[in-house]
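Student: Structure below; questions to follow.
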Amino acid sequence: MLRPSFSLNRLAAGFLTFLILLGMFVGVNGPRHAHLLDSLPFADGYTQSPSQHAGTPSQLSKFWAYFGHTLREATPRCALPHKQISAYFSAFREGDGKRPDLISMHAEDIQELSTAHSWFVKQISRPDYPVPPYIRGSSGIVTTAGGHFLPEAIVSIKMLRRTGSKLPVDVFFQDDDEIEQQICDTILKKLNAQCHVLSRILDADGAFPRRQNITHYQLKAFALLFSRFDNVLWLDADEVALVDPAKLFESDPYKSRGLVLWPDYWAPTSSTLFYQIAGVVTPDVELRAASETGQIMINKSKHLRTLMLAAYYNYFGPSHYYRLLSQGAIGEGDKETFLAAAQALNVEFWAVSKEIDTLGFIQKDGNYRGIAMLQADPRADFQRAKSGASETKIPPAFLHDEGIKPNAARFIPVWKEQAEKRIFGSKENTIATFGYDIERVIFDEMVFVACGLNGYVFKDWVNKGEVCRLIIEAQDQLFKEEE
């Protein structure tokens, strides 16, 4: 129920803080004994259904007061073994078909993790559990930027606009040290992108003591959760959309499933202990590949619990779930948490089956280097699965430029050392794959970011003039002789 009174709002916030602080003393036995959340009143400005308007930082903070408390009450009171492990990773369906089993835990610790997990799922499944404010029916893109990711994110958003997409973008920064307000107020605003600072949501009014930083791999789940959109496409800062995402939102598999995930190169390495903790059957290791989360599509109206559970896995990722879900394999981090959440809740999703295509080049030392992943158009993947036509050609929908990042200041030193030539392959093959010379267009956007923006110098850069000069030299070296 809405309470517009400012004084009542302050009173409610104070009472909420008192209850949370009280819980820190009386709830010492944890989530199985303390049910303080049951008595928390709905804060002013909050309803039990999604808002028709985007939430303010204050509204989001009120949701965080509930959700953050739930997270802390569901803290696993045990630690994983500290032994260094590194799961052997094999290409999907090219290994021995066995799941790695590298983590050993005492039975009581497994039970502790399982009890905390079960309690958390029960809480977020309550029909009266608060939801974050978002605009029902809206669609948009979400990404994070900060430090060296910001120039990359601008290139990514500029490439997005080249698809014809007019969808708004939410750009999240970890804290006030990362945000570059001048960029937010100029180029990003012109590109219909809005900046948000995660720490302002988490720390607003001291409504809930955070007690730990949310950083690095953890940012993705919380940016998705706090974004203003219902239909969300997540893009890593170095990800390039090749089609207008609005068309993907309007089609299957997204329309029917509400969650679309893409594969990595590798077979999954999640521990069987995770599935025991989550209370679900361990899937066959050859059922689907590990996840690659440079891009995720998710509908909050259908999958809000999935997103909340993924946030739980990320909140306790560094301490527990990253290790349980990857066992030290390459890329350990958030990558398996979204698939794991869908599996734990037994909800529908679409896992793209088309394997990754790779772009790359022969380095100066004679070795091949993969430089970018091409992820399939889910519409074509869905139709191929539906028709059973295994030989159907599936075009790419995303290019993950994860080898040499499209940040001119960091691109140039690596490119000069290893390449000094095209890195996506020949011009002819590039045009055949994409319909145009995408490598040149990405270069053009790197030049724009390095030499335009009214001389703005990114925090990550030391000498903008030098960066501009070097990227133009590289552009001339690559493309002038082709004209």
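None of the figures in this text is laboratory data; all of them are computed from the coordinates on show. Being a predicted model, the structure only gives us computed values, none of them experimental. Quick reminder, even Gly has a Cβ in these numbers, built from the backbone with ideal geometry, and neighbours come from all protein chains shown.
Student: With unit charges on the beta carbons (Lys and Arg positive, Asp and Glu negative) and the dipole taken about the Cα centre of the chain, which residue among 319, 299, 266 sits farthest to the positive side?
Tutor: 299
Student: Just to confirm the number: angle between the C-alpha axis of helix 408-418 and the first principal axis of the chain, 0 to 90 degrees, nearest 10?
Tutor: 50 degrees
Student: Which entries in the list 335/416; 247/393; 189/405 go over 29 Å, if you measure between the two C-alpha atoms of each?
Tutor: Beyond 29 Å between Cα atoms: 335/416.
Student: Another question, if that's okay. May I ask for the angle, rounded to the nearest 10°, between helix 378-387 and the longest principal axis of the chain, with both axes built from Cα atoms and the value confined to 0 to 90°?
Tutor: Between the helix axis and the principal axis of the chain, the angle is about 90 degrees.
Student: In sequence order, what are the phi-derived ³J(HN,Hα) couplings for region 181-190 according to the Karplus relation 6.51 cos²θ - 1.76 cosθ + 1.60 with θ = phi - 60°, rounded to whole Hz, with x for glycine and proline?
Tutor: With the stated coefficients, region 181-190 comes to 4, 4, 5, 4, 7, 10, 5, 5, 4, 5 Hz.
Student: Just the number, please: percent antiparallel of the DSSP beta bridges in the chain, rounded to the nearest 5. Could the numbers behind the result be given before it?
Tutor: On the way: 23 of 38 bridges.
That works out to approximately 60 percent antiparallel.
Student: Let me ask another. With a 10 Å radius around each residue's Cβ, average the other Cβ atoms per peptide and rank 58-65, 213-220, highest first. Let's see the in-between values first.
Tutor: Working: 58-65: 22.6, 213-220: 17.9.
Highest mean packing first, the order is 58-65, 213-220.
Student: OK, next. Roughly how many Å is it from the Cα centre of region 140-161 to that of region 441-459, as a whole number?
Tutor: Rounded to whole Å, the Cα centres lie 13 Å apart.
Student: Additional query: If each DSSP helix of 4+ residues adds -39,500 (n - 2.57) and the sum is divided by the residues in the chain, what number results at 222 nm, nearest 500 deg cm²/dmol?
Tutor: My calculation for the chain gives -12000 deg cm²/dmol from helical runs alone.
Student: Mind putting a number on the dipole of region 403-479 about its Cα centre? Charges go on the C-beta only, +1 for Lys and Arg and -1 for Asp and Glu, and I need it in Debye to the nearest 20. Write down the numbers at each step before the final one.
Tutor: Details: 10 positive and 11 negative charges, 38 e Å.
Dipole size: approximately 180 debye.
Student: Show log10 I(q)/I(0) for region 350-483 at q = 0.11, 0.20 Å⁻¹, two decimals, from a solvent-free Debye sum over equal Cα scatterers.
Tutor: Each listed q maps to, in turn, -0.49, -1.16.
Student: Suppose every Lys and Arg Cβ carries +1 and every Asp and Glu Cβ carries -1, with no other charges. What dipole size does the chain come out with about its Cα centre, to the nearest 20 debye? Could you put the intermediate results ahead of the total?
Tutor: Numbers: 51 positive and 57 negative charges, 263 e Å.
Its charge dipole is roughly 1260 debye.
Student: Work out the charge dipole of region 120-230 with +1 on the Cβ of Lys and Arg and -1 on the Cβ of Asp and Glu about the Cα centre, then indicate which of 147, 213, 226 is farthest towards its positive end.
Tutor: After comparing all options, I get 226.
Student: Dipole of region 212-251, Cα-centred, from +1 at each Lys and Arg C-beta and -1 at each Asp and Glu C-beta, to the nearest 20 debye? List each step's numbers first, then the result.
Tutor: Details: 3 positive and 6 negative charges, 35 e Å.
Dipole size: approximately 160 debye.
Student: Could you work out the equivalent-ellipsoid semi-axes for the chain, taking the square root of 5 times each eigenvalue of the Cα gyration tensor, largest first, in whole Å? Each step should come with its number before you reach the end.
Tutor: Working: eigenvalues 292, 157, 88 Å².
Computed over the chain, the values are 38, 28, 21 Å.
Student: Could you give the angle, 0 to 90 degrees to the nearest 10, between helix 6-26's Cα long axis and the longest principal axis of the Cα atoms of the chain?
Tutor: 80 degrees
Student: Then there's this: Work from the charge dipole of the chain (Cβ charges, +1 for Lys and Arg, -1 for Asp and Glu, about the Cα centre) and give the residue of 70, 249, 453 farthest towards its positive end.
Tutor: Result: 70, furthest along the dipole toward the positive end.
Student: How many angstrom lie between the C-alpha centres of region 262-326 and region 215-249?
Tutor: Measuring centre to centre over Cα atoms gives 17 Å.
Student: Amide H to amide H, which residues 5 or more places from residue 377 or on other chains are under 5 Å from it, using H placed in the peptide plane?
Tutor: 397
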